[in-house]
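Asker: One structure, as structure tokens, below. Some questions next.
What follows draws every value from the coordinates through simple rules; no lab data is involved. This one's a predicted model, so the numbers in the text were calculated from it and none came from an experiment. Heads up, the Cβs are rebuilt from the backbone with ideal geometry, glycines too, and the neighbour counts pull from every protein chain shown.
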Amino acid sequence: MTRFAPYLFSLMLLFVTACGGGSDQQQAEDQTTDTQATEQADDVRTIEIVGIDRMKFVVDGEEEGITTGEKMGDYVLLESITAKPGEEIRISLYTESDLPASAMAHNFVLLTMNADAAAFANAASKARDNDYIPTDMEDQIIAHTDLAAGGETVEVTFTAPEETGEYEFLCSFPGHYSGGMKGILNVEE
């Protein structure tokens, strides 16, 4: 066993060093400092949205700057978002589903003011190879997320248009727009 002692000692030393250093208190303080620095540097309003199997955008509850509708299980239906011209907004979309991605995934697509949302959704249903974003209609998109399957979260940060008015948002996964997965971004002073 003595000829393996140097190897055993090296292995133990490697294990101890790989486990990290610092006390739990120091690690917690470092994490808190990192979080505070991120919050101070990031002054973007974040709206957390959930996409559900009933093909709806929902939120946990009412909050300033959003309009909600009927109760949908543990959530309420998201109907609209209000923003100031030029305001930065982050949409964080979580998909709550046990279905496979091929059957149920969601995205958030914000369209220009004069875009025909029904025509966009129809074209999107044929754009499977591009995650249901029709390349010939990209000029009608202000911002969009990637697709999120069950248990996944996607985000997009965008600047609200300077022109006041109503801008429709939707999920472009086939059938979801016609199923009611849509809403309005109201840009107002």
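Asker: Are any residues in the stretch 165-189 surrounded by 15 or more Cβ atoms within 10 Å (Cβ to Cβ) and part of a loop (DSSP other than H, G, I, E, B), and if so, which ones?
Answerer: 171, 172, 173, 174, 176, 177, 181
Asker: Continuing with this model, one more query. Please go through the stretch 130-147 and pick out each residue that is in a loop (DSSP other than H, G, I, E, B) and touching a Pro at 6+ places or on another chain (Cβ under 9 Å).
Answerer: Answer for the stretch 130-147, where residues must be in a loop (DSSP other than H, G, I, E, B) and touching a Pro at 6+ places or on another chain (Cβ under 9 Å): just 132.
Asker: Restricting to the stretch 148-171, name every residue that is closer than 14 Å to residue 85 by Cα, in contact (Cβ under 8 Å) with a residue 60 or more places away in the chain and among the small types (Gly, Ala, Ser).
Answerer: 160
Asker: Considering each residue of the stretch 82-129, count those that are assigned to a loop (DSSP other than H, G, I, E, B) and in contact with a helix residue (DSSP H, G or I) (Cβ under 6 Å, 6 or more places away or on another chain), and give that number.
Answerer: Residues meeting the conditions: 2.
Yes/no matrix, rows are residues, columns are (1) in contact (Cβ under 8 Å) with a residue 24 or more places away in the chain; (2) aliphatic (A, V, I, L, M); (3) in contact with a Gly (Cβ under 6 Å, 6 or more places away or on another chain):
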| position | (1), (2), (3) |
| --- | --- |
| 101 | yes, yes, no |
| 123 | no, yes, no |
| 132 | yes, no, no |
| 146 | yes, no, no |
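Asker: Here's a check for you: in the stretch 89-147, which residue that is within 12 Å of the chain's Cα centre (by Cα) and among the hydroxyl-bearing types (Ser, Thr, Tyr) is surrounded by the most Cβ atoms within 10 Å (Cβ to Cβ)?
Answerer: Result: 95.
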